[in-house]
Amino acid sequence: DWNNPSQKLEPYTYILKAESCNLLRVPKGYANGFINIKPKSKLLIFSTSSLDESKLDDIRFDPNYFTRVIW
């Protein structure tokens, strides 16, 4: 429910490291976010949507909304 998601959803947490050359695929229908652990870290994001399409699918939540996510 994008209008009123449960605050008790269990988050998936991944740590991506440059040394591992990891990729993370986030399937359609999942909210996602990220933080940099190391200063000057860079994240490259690929999308199957155009920029115009992605503007129609931009749903934002308050960073403190989900009680089990540690930012």
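Values in this text are rule-based calculations from the coordinates and carry no lab data. Bear in mind that the values here come from a model prediction, so they are computed numbers and not experimental data. Methodologically, a virtual Cβ is constructed for each residue, glycine included, from the backbone with ideal geometry; neighbour enumeration extends over all protein chains shown.
A few notes on this one:
- For the range 1-61, the tally of Lys pairs with Cα-Cα distances below 19 Å comes to 4, considering only residues 8 or more apart or on different chains.
- FRET efficiency, 1/(1 + (r/R0)^6) with R0 25 Å, evaluated for T67 and Y14 via beta carbons: 0.80
- The chain: proportion of alpha-carbon pairs further apart than 14 angstrom, %: 70
- Total charge dipole magnitude, the chain, about the Cα centre, Cβ charges on Lys, Arg, Asp, Glu only, Debye to nearest 20: 360
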